[in-house]
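The values are calculated or read from the model by the stated rules, or taken from the named source; none is laboratory data. Computed from a prediction, not measured in an experiment: that's the story for all the values here. No Cβ is skipped: glycine too gets one built from the backbone with ideal geometry, and neighbour counts run over all protein chains shown. Each accessible area value is taken on the protein alone, full model and side chains, heavy atoms only, with ligands, DNA and RNA left out. Shrake-Rupley method; radii C 1.70, N 1.55, O 1.52, S 1.80 Å.
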Amino acid sequence: MNSRGYYEGFGGAFIPEILTSTFEELVDAFENARRDPGFWNEYLNVMSTYSCRPTPITFAGNLTRHFRGARIYIKREDLNHTGAHKLNNVIGQGLLVKRMGKSRVIAETGAGQHGVATATMAARFGFRCTIYMGEVDMERQRPNVFWMERLGAEVIPVRDGTRILKDAINEAFRDWVTNMDDTHYVLGTACGPHPFPEMVSYFQSIIGKEAREQILEREGNLPARVYACVGGGSNALGIFSGFLDDPVDLVGVEAGGEGLETGRHASRLASNDGSVGVAQGYKTFFLQDGDGQMKETHSVAAGLDYVGVSPILVSYRERGRIRFEAATDSEVLNAMSLTIAKEGLIPALESAHAFARAFKDASDFSEDDIILINQSGRGDKDIFTIADAFADPGWHAFIRAKGHEYGA
Ligand SMILES: *Cc1c(COP(=O)(O)O)cnc(C)c1O
């Protein structure tokens, strides 16, 4: 990264002039914290007492026998408090907010997972909290809205544009411009203007640090390949960061939706549909039309359904260090079923993208090889989508009965 937050020409900070001093303050606070060993220790202390860190790696013996190839290990980010790697980022930013002496946090959320994580952090640290969420997403993700409000956050429906994540991001920036003095914007992934990509991947690097040590301790050997799903790119950068200097293949798996050839996907790097542009404060590959209008994306996994991608991941792709592939919705549902049946693990639909690609490759390896999959989150939240996908009759009866109870 250069001093202006560019990674091989990607990234940067395209922000309204009025936010310049707020961003300078944030860059200073982050650089200061990063140089202070006490800060990382404080972070580790919170993460170990509040969010089950270090999360273990699990040897997937049954899946390994099933594919008769590589020895399959799973890094268990699903065991974090609130069910995913997202807490790694929000707790880190929360500690920075304390250092900056601010009292209010805001965030955007699409599926609601980042909103719940941010509201949780705000409750714990005693910050006021406002979450911006597209009106369409609020209807689709009611359980998460319920929890955010229970946690004390104000959830504001965004009625602009297509009323989804990108509109919520615009609204959060508008709030920040008017409330810079006491407010910090907790961005949810390794995207957006500098220093967010750097800062979010710094906090997520805890995944890779632990995983490298754990696999060496267990196996005395590094994995041949590491798989992670890619929405904005934060869990992938987190685990990959531990292996960047090693002879280890790194594979990011994007949402292939209904198939790359259908155009109904969210694959910015593995498809040929992404192109370079500047939006939402940074320069990266976006799914956009010829006029720079953002396209509608599609994925069975709400957390991967995003038009942009981390500029840091793009720079590693340009250098040939990280490879990108896609998994389709149906491959993902199959991978999820198999993982549940064989290991009793319920990966999030997002994480199941990484599993799907790993399963495709596993039998190409020998039993001396190790592959490592990042289970970014747990799939309990996905019960509505999954029960629908498998057309589960008992579940449909349950939903109908609930509807009756409320007079629907
Ligand atoms: C949000 C989310 C993702 C996608 O975000 P990244 O920044 O790409 O990691 C992936 N998995 C889970 C479980 C999520 O909640």
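A few remarks follow.
- Backbone geometry of segment 221-226 corresponds, through the Karplus equation with coefficients 6.51, -1.76 and 1.60 at θ = phi - 60°, to 3J(HN,Hα) couplings of 8, 7, x, 6, 8, 10 Hz, x marking Gly and Pro.
- Solvent-accessible area per residue in segment 48-101 equals 35 Å², computed with a 1.4 angstrom probe and all protein chains kept.
- Dipole size of the chain about its Cα centre, with +1 on Lys/Arg Cβ and -1 on Asp/Glu Cβ: approximately 700 debye, rounded to the nearest 20.
- Counted charge near G11, where neighbours are those whose Cβ lies closer than 10 Å (Asp, Glu -1; Lys, Arg +1): 0
- Across K86/K295; K209/K360; K102/K166; K75/K342, pairs whose alpha-carbon gap is larger than 19 Å: K86/K295; K209/K360; K102/K166
- Of the residues G394, G152, G110, the one that moves most in a GNM of the chain with alpha-carbon contacts below 10 Å is G394.
- Label-point separation, A341 to V177 (7 Å along Cα→Cβ), nm: 5.3
- Only helices enter the 222 nm calculation for the chain: every DSSP H run of n ≥ 4 contributes -39,500 (n - 2.57), and dividing by all residues gives -14000 deg cm²/dmol, rounded to 500.
- Net charge, E331 excluded, C-beta distance under 10 Å - Lys, Arg +1, Asp, Glu -1: +1
- Centre separation in Å (Cα based) which lies between segment 318-373 and segment 202-221: 19
- For segment 247-327, GluC sites (Glu not before Pro) meeting the loop criterion (DSSP other than H, G, I, E, B) and having at most 16 other Cβ atoms within 10 Å: E258, E296.
- For segment 33-116, trypsin sites (Lys or Arg not before Pro) are listed when DSSP marks them as loop and at most 12 other Cβ atoms sit within 10 Å of their Cβ; the list is R68.
- Mean Cβ neighbour count within 10 Å, used as a protection proxy, ranking 276-282, 111-117, 344-350 highest first: 111-117, 344-350, 276-282
- Under 5 Å, built H, 5+ apart or other chain: amide partners of I156: I131, Y132, M133
- This model, with +1 at the C-beta of Lys and Arg and -1 at the C-beta of Asp and Glu, gives segment 248-340 a dipole about its Cα centre of some 440 debye.
- Qualifying trypsin sites (Lys or Arg not before Pro) in segment 151-216, where qualification requires a DSSP coil assignment and no more than 15 other C-beta atoms within 10 Å, comprise R159.
- Selected from S103, M180, L304, residue furthest toward positive end of dipole (the chain; charges at beta carbon): S103
- Max mean-square fluctuation residue, GNM over the chain, Cα-Cα springs under 10 Å, options S267, S330, S234: S330
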